[in-house]
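Notes for the one structure printed next.
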Amino acid sequence: MNSNYNFAFLDEGSKKEIRRAVLKAVSIPGYQVPFGSRELPIGRGWGTGGIQLTLSLIGRDDILKVIDQGSDESVNAVNIKKFVGLCTDVRTTTDTREATLIQTRHRIPERALTNGQILIFQVPLPEPLRVVEAREEVTKKMHAEKDYASMWLQLYESLVKYNKVTIGAEYPCMVEGRYMMNPSPIPKFDNPKLHKAECLYLFGAGREKKIYAIPPYTQVVSLAFDDVPFEKENFVGKRCRLCGSADTYLDEIFDRQTGGRAYQCSDTSHCQWTADS
Amino acid sequence: MAYVAVSGGKEAIEESIKLLDYYRSGTDKDLAIEAIENKLSLLVDRVMGEAGLYARTYAALALRQCEGSIEEAVFLLRAYRSTLTRNYYSDTVDAGEMRVVRRISAAFKDIIGGQILGATYDYTHRLIDFETGKEDPTALRQAMHKALAEQTPEEIVPCPRVSEELAKEGLIDRHSPNDQSPYDVTANILEFPTTRSARLQTMARADTGFVSGLAYSALRGFGQEHPTVGELRCGYVELYVPFLPDEKESLYIGEILITEVECFNAVDSKDQLKLAVGYGAVLGRNETKAIAMAVVDRELDNGGPYPAQNEEFVLMHGDSLEMNGFISHLKLPHYVTFQSKLDAVRKTRRADNE
């Protein structure tokens, strides 16, 4: 641990301010709480919102897991773990089951998280309405008035044009029937895991200076029409080449030599666990 | 094979960081921090300004650490800054009291206090001096000291701003002085419409190229009109912080070098014209940015359909850390989201999609 800096890098006042924003976010599920985002030694756009949440919440007894694209070994995950390790000395793990804090980019672990665990998302663009309205001043009003018509219209236009809702990751959902929320760029495959979960989900957008939350047992519904149900990514007939799972989110891999195509679990910890058991 | 793209991240990062040293290893010569601080002053000034941290030596250290990359140096200073506790806010500085080292007006030939050309590259011919590599730094320093020692120091008289005279005639339209505590953009999120103090702070810290490009767009036709530099002044201002045991007292903590600009624009005022002022102020000597800021400040007051007139557009996209951070994050793996995108694209092309 680098003793030139405070435990968990930020000064205690900043951490307290972030925790206050978290409390507000938990009290108003899905609502984006503005906060005074601090600058970190890691790039803005590289997960600084998530890192600030982690730094403000982490204590000496916590066990930290960091994943990127589902993998504990991905360069960005390694880098973030290295930084938190540098300024806290807390224990890190790759085992989803024993982690108390999990910071993630782009995935929710396959194994359902339990009471007492916190999943922290790194969020690039927190505003779900940004795709239909560029101005923050206007989107704030739209949320206040629960005016989500233009978003529904966009979904409808996509249906008319392509016969499909063509949104990939970052698929918007309604939280407790009140706020429309961007679940961060997780695949649609992960959206159902947000609904009535046992754990606390926290979302941090450092560059955009927003924090929001889904407390345990909150109703989270992905946008869909009555006659056109919500549809996840489709891996029918495909299996992980390492553990054989057919019910996980798969990465498409090209063989270096042959150029042949194969699939393997994006969640490396889960894959390892399945392969071992 | 397996896990080609996603494993081994830790070793790869460590090797990558080692490899960075290679790019600084091409010579036996070293760059002294003192030399960077004193011989690359304009670079140091730009980094300090965009970082929002007035610390010459740290800026020089940062520049040396990152091969002279402005965005990296700004990044280092900003990250360091957020570990420091903010103990004081300084008292309001009146740049009218500035110890001026350069002061020009493009509006009037003669101004109260006089024009002081000071040091500028404006009237140099941009010819590479092939002899500059042979310069003797010690001789240069001694010659300058000697020349300075022969001068008789003049008493410092603060010069009133050019706009003060025009204001007496009632021609000037500008924001009235406001000594309220400023909105601290380093600790709060910007909300729109925002306050003037937030706007000026944000622009003063913005990327030089971004502000200059915006101002240029406004001058070229995507904005109002051609403003006049009423006054550009560069010099030292004194900083004081409140003395806690006695509210009436202040403590002098030092002086900083800043550049300040006021631009004039003729605007409508009930069947008459008046002169509206755009204001710019930046740390160090960074004149183009200070002028550009004044131009954009005026465009924002005016409002309109162009990018330079839109507050949210201007203030949300010029921060060095934010823009460079977000652009560079595109280099991070996006396997999961791209897979999702592929899935959506494939679904629309399937034969059964009717």
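The values are calculated or read from the model by the stated rules, or taken from the named source; none is laboratory data. Keep in mind it's a predicted model, so treat the numbers as computed, not measured. No Cβ is skipped: glycine too gets one built from the backbone with ideal geometry, and neighbour counts run over all protein chains shown.
So here's what we get for this one:
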{"quantity": "Identity of the residue in region A:59-75, surrounded by 24 or more Cβ atoms within 10 Å (Cβ to Cβ) and not acidic (Asp, Glu), that ends up modelled with the lowest pLDDT", "calculated": "A:Ser74"}
{"quantity": "Any pair with Cβ under 7 angstrom, 6 or more apart, that starts in region B:169-190 at a residue that is within 14 Å of another protein chain (Cβ to nearest Cβ) and farther than 14 Å from B:Arg86 by Cβ and ends at one that is assigned to a loop (DSSP other than H, G, I, E, B) and of a type outside the set (D, E, K, R)", "calculated": "B:Tyr183/B:Thr195; B:Ile189/A:Phe35; B:Ile189/A:Gly36"}
{"quantity": "Residues (assigned to a helix (DSSP H, G or I) and farther than 19 Å from B:Thr138 by Cβ) located in region B:34-53", "calculated": "B:Leu42, B:Leu43, B:Val44, B:Asp45, B:Arg46, B:Val47, B:Met48, B:Gly49, B:Glu50, B:Ala51"}
{"quantity": "Candidate set: region A:13-30, residues that are surrounded by 18 or more Cβ atoms within 10 Å (Cβ to Cβ) and in a loop (DSSP other than H, G, I, E, B); chosen: the one farthest from the other protein chains (Cβ to nearest Cβ)", "calculated": "A:Pro29"}
{"quantity": "When residues of region B:296-354 are limited to those that are of a type in the set (Val, Ile, Thr) and away from every other protein chain (no Cβ under 12 Å), the one nearest to B:Thr194 (Cα to Cα)", "calculated": "B:Val314"}
{"quantity": "So A:Lys146, is it at positive phi, modelled with pLDDT of 95 or more and not hydroxyl-bearing (Ser, Thr, Tyr)", "calculated": "yes"}
{"quantity": "Those residues of region A:133-160 which are facing chain B (nearest Cβ under 9 Å) and not small (Gly, Ala, Ser), in sequence order", "calculated": "A:Arg135, A:Glu136, A:Glu137, A:Lys140"}
{"quantity": "Hey, B:Phe108 outside the structural domain of B:Phe264 (by TED's automatic domain parsing) and either aromatic (Phe, Trp, Tyr) or touching a residue at least 12 places away in the same chain (Cβ under 8 Å) (or both) or not", "calculated": "no"}
{"quantity": "Members of region A:154-196 found to be in a loop (DSSP other than H, G, I, E, B) and within 14 Å of the chain's Cα centre (by Cα), listed by number", "calculated": "A:Ala169, A:Glu170, A:Tyr171, A:Pro172, A:Asn182, A:Pro183, A:Ser184, A:Pro185, A:Ile186, A:Pro187, A:His195"}
{"quantity": "Breaking point among (1) within 25 Å of the chain's Cα centre (by Cα); (2) surrounded by fewer than 16 Cβ atoms within 10 Å (Cβ to Cβ); (3) of a type outside the set (Phe, Trp, Tyr); (4) farther than 18 Å from A:His106 by Cα, for A:Asp226", "calculated": "(1)"}
{"quantity": "Considering residues of region B:73-100 that are among the polar types (S, T, N, Q) and more than 8 Å from chain A (Cβ to nearest Cβ) only, the residue surrounded by the fewest Cβ atoms within 10 Å (Cβ to Cβ)", "calculated": "B:Asn87"}
{"quantity": "Selection count, region A:64-84, where residues are assigned to a strand (DSSP E or B), of a type in the set (D, E, K, R) and more than 7 Å from chain B (Cβ to nearest Cβ)", "calculated": "1"}
{"quantity": "Complete set of residues in region B:224-252 that are touching a Phe, Trp or Tyr at 6+ places or on another chain (Cβ under 7 Å) and either β-branched (Val, Ile, Thr) or not in a strand (DSSP E or B) (or both)", "calculated": "B:Pro227, B:Thr228, B:Val241, B:Glu249"}
{"quantity": "Test: residue in region A:119-129 that is within 13 Å of chain B (Cβ to nearest Cβ), over 23 Å from B:Asn310 (Cβ atoms), touching a strand residue (DSSP E or B) at 6+ places or on another chain (Cβ under 8 Å) and not in a strand (DSSP E or B)", "calculated": "yes"}
{"quantity": "Residue list for region A:246-277, filter: within 12 Å of chain B (Cβ to nearest Cβ), surrounded by fewer than 16 Cβ atoms within 10 Å (Cβ to Cβ) and over 15 Å from B:Pro333 (Cβ atoms)", "calculated": "A:Asp255, A:Arg256, A:Gln257, A:Thr258, A:Gly260, A:Arg261, A:Ala275"}
